[in-house]
Amino acid sequence: MTQQIDLATGINLGLDYILSTNPNSLLMGEDIGVNGGVFRVTDGLQQKYGQTRVLDTPLAENMLAGIGLGMATRGIYPIIEFQFMGFIYPALEQIISHITKLRKRTEGRLSCPMLMRTPYGCGIYAPEHHSESTESIFASIPGLRVITPSTPTRAFELLVAAHKVNDPILYLEPTIMYRSLKQDFIAHQCPTKIDQCIVEQTGNDLTLIAWGAYMNEARKVTDNLREKNIHVELIDLVSLRPIDYPTIISSVKKTGRCAIIQEAPKTLSIANEIASNLYESLWSKLHQPILTVCGYDCGVPYPQQEQYYRQDVNSIQTKVLSWLN
Amino acid sequence: MKANKLTEQLQFKALLPLYQYMLKSRLLENRMVTLQRHGLLATYAGASGQEALYVAIGYLLKKEDVHVPYYRDQPTMLMRGYKPIDLIRYWSGSEAGNTIPYKDLPICVPIATQCLHAAGVAYAQKFKQTEQITLVTLGDGATSKGDFYEAINFASLYELPIVFVINDNGWAISTPLDKQTKECDLTKKAYSVGMKHLTVDGTDMNECIATLTNAIEFARSNQPVLIHAKTVRLCDHTTADDAKRYKSKILINDEKQQDPIKKLKKTLVEFYNWQEKDDFALINKIQKELDKDIDTFKKDHVQTPETMFEHCYENMPESLKQQQSELNHDTTN
Ligand SMILES: Cc1ncc(C[n+]2csc(CCOP(=O)(O)OP(=O)(O)O)c2C)c(N)n1
Ligand SMILES: [Mg+2]
């Protein structure tokens, strides 16, 4: 039976699946129970699984991460919601110094399988700190896995697959996509690996890499360019750390051209990271310099100026075309 | 609902401006919500039900004192140099709303972080031997964060001229206080750091003035104080929230009985011959002022793209200048 779902529902179904199949899993976060989360992503789960498995916690992000570690060492699988990416920062000490280091520090005796979820990205006209795109910070943390879905089905499958990986994982939910994209959904059509890119479209002219919310724009640019007889190989990065270089390199080897688009600021970013790796491994195979279309280094501005910060299809396409010429 | 005859320190002449500020904030709030529904504001967090507390704070702080707000302090801010248009601009998503003549800190969204800023400000005040104090506000939910404990501990240890005011409106979005902490008497949080503490009905202007006067006096002699003020939140958490999902109809109705504006009006009517026609005239006058601000805002609220790069540093680095000119090039083509 198929069902039309949006991204938020895909995540909700994924969480439901984990809670129903793993009795040692639990959700915790601010306003996720009675209220179903500020984006209603966890709607109905507390009613279904009760207050000991879906916790409306005190308001403290460092607490969430720290107690998550304690639980994880005792075989509980904590799924933590940070209400917004801009409010994870109090938890960075726990994430950087403990959660991602526990396995290494104890030579594997202890580990910290847990999932941290958060909405991220701009474009929803929300107040300051609610539209952060600081994935580059998290993708620079050793020991952390960072993944992000770009379709409702992928949201479900990635969650389910992530739950089987015994590492701490940050799961980034593109806020602007929560309700904007609907898709037919058949559970368990294809089990996903969490650390592999997905080649959505094959093409020979250039490789276009994006992730999260920008996949929307990337898909439209791909379609538009096809009408101009330019064939894009479109890659959803999916895993921001670790990065699936074998897939990317074999694509760029074929196309000889690579464009990367990202919402996060350019300096010290994932786009730059990928570009630098491609230069190292494919220098002589590149037909032209790599194009990066990135956020500005002022960071996501107050909502009035988001429209200038976030690149739309037109502006991305113009940049790609002038780069090709 | 009880009406209170006013203490001597707060006679009618002083009281009327306070009532005006409460009304002004409430009427501005109603207009803000409408603006938001029309897509002109991003999100908006109101202060209705909490005006007595915030107006008392605005009334008692001296201009040179420092107010460290969170995001629900509109009534105080209106008394400390913010004009309605500044607040409209802020919530419409523009930093222009943060530029005011006072030296207060701006609105603070990351919960409880402002408590530490305030303790730092108070340390500086003491260090520089000023006569000033700092007053910081926070929500009940904010008491769960380490920042709050760290700040009261530091303030108490160094005997700083500071007042912490917890605006306990009972809820942190959908989370009631008894799911936030086992100890709902928030003055108890001061025990562990050896700090003075007071409780107040934050919907009662008279009590707010008396308690805050006390606390501010202590603070001026370097005795920090924690105030637990009980208020009600008569609005949704923000315009993005729907309180009906977690508050019962009965509770919503009970909370309305605590409306501080209605309470103060009752006092004015019963003891000071305030009449419906006076009220009506006052409301009209305020609405006309608000009309003007909203008109100005509607005419000129769009920021130009390149300003996004300004003020990141004292002097803009070359790399940022280059991005700024790329953007200019993009938007003019
Ligand atoms: C560090 C942090 N975490 C989460 C949020 C999201 N958030 C905004 S307001 C709020 C509830 C705050 O409740 P309270 O402190 O009681 O203040 P109130 O809004 O009720 O005045 C939450 C969780 C935030 N702004 N900052
Ligand atoms: Mg509150």
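The values are calculated or read from the model by the stated rules, or taken from the named source; none is laboratory data. Only a predicted model underlies this, so the values are computations on that prediction, with no experimental measurement involved. Every residue, glycine among them, receives a Cβ derived from its backbone with ideal geometry; neighbour counts consider all protein chains shown. When the accessible area is computed, the model is the full protein with side chains, heavy atoms only, and any ligands, DNA or RNA have been set aside. Shrake-Rupley method; radii C 1.70, N 1.55, O 1.52, S 1.80 Å.
Observations on the structure shown:
- Matching residues, the stretch B:178-198, being assigned to a loop (DSSP other than H, G, I, E, B) and within 14 Å of another protein chain (Cβ to nearest Cβ): B:180, B:181, B:182, B:183, B:184, B:186
- The set of residues in the stretch A:173-223 that are closer than 21 Å to residue A:275 by Cβ and free of Cβ contacts under 8 Å to residues at least 24 places away in the same chain contains only A:222.
- Residue tally, condition more than 9 Å from ligand 2 (Cβ to nearest atom) and surrounded by 20 or more Cβ atoms within 10 Å (Cβ to Cβ), over the stretch B:167-178: 1
- Residue among A:226, A:257, A:241 that is outside the structural domain of residue A:12 (by TED's automatic domain parsing), crowded, with 21+ Cβ neighbours inside 10 Å, of a type in the set (D, E, K, R) and more than 24 Å from residue A:152 (Cα to Cα): A:257
- Exclusive hit being touching a strand residue (DSSP E or B) at 6+ places or on another chain (Cβ under 8 Å) and not hydroxyl-bearing (Ser, Thr, Tyr), set A:110, A:59, A:92, A:102: A:59
- Count of residues meeting criterion [more than 16 Å from ligand 2 (Cβ to nearest atom) and touching a residue at least 12 places away in the same chain (Cβ under 8 Å)] in the stretch B:114-145: 15
- Matching entry among A:66, A:44, A:37 (being touching a helix residue (DSSP H, G or I) at 6+ places or on another chain (Cβ under 7 Å), modelled with pLDDT of 95 or more and within 14 Å of another protein chain (Cβ to nearest Cβ)): A:66
- Residue list for the stretch B:100-138, filter: within 13 Å of chain A (Cβ to nearest Cβ) and closer than 15 Å to residue B:80 by Cα: B:106, B:107
- Helices (runs of 4 or more DSSP H) within the stretch A:251-325 that include 1 or more residues under 17 Å from residue A:230 (Cβ atoms) and either among the hydroxyl-bearing types (Ser, Thr, Tyr) or facing chain B (nearest Cβ under 9 Å) (or both): A:313-324
- Unique match (being among the hydrophobic types (A, V, I, L, M, F, W, C), crowded, with 21+ Cβ neighbours inside 10 Å and under 20 Å from the mean Cα position of the chain (by Cα)) among A:232, A:300: A:300
- Subset tally (residues that are within 14 Å of another protein chain (Cβ to nearest Cβ), under 20 Å from residue B:70 (Cβ atoms) and not polar (S, T, N, Q)) for the stretch B:14-44: 4
- Residues in the stretch A:47-63 that are open to solvent by less than 30 Å² (accessible area, probe 1.4 Å) and either within 14 Å of chain B (Cβ to nearest Cβ) or hydroxyl-bearing (Ser, Thr, Tyr) (or both): A:54, A:56, A:57, A:59, A:60, A:61.
- Within the stretch A:144-169, residues that are among the aromatic types (Phe, Trp, Tyr) sit with their Cβ atoms under 6 Å from residues that are open to solvent by 20 Å² or more (accessible area, probe 1.4 Å) and in a helix (DSSP H, G or I), at 6+ positions apart or across chains, in these pairs: A:156/A:13.
- Total residues in the stretch B:222-262, condition away from ligand 2 (no atom under 13 Å from the Cβ) and crowded, with 22+ Cβ neighbours inside 10 Å: 5
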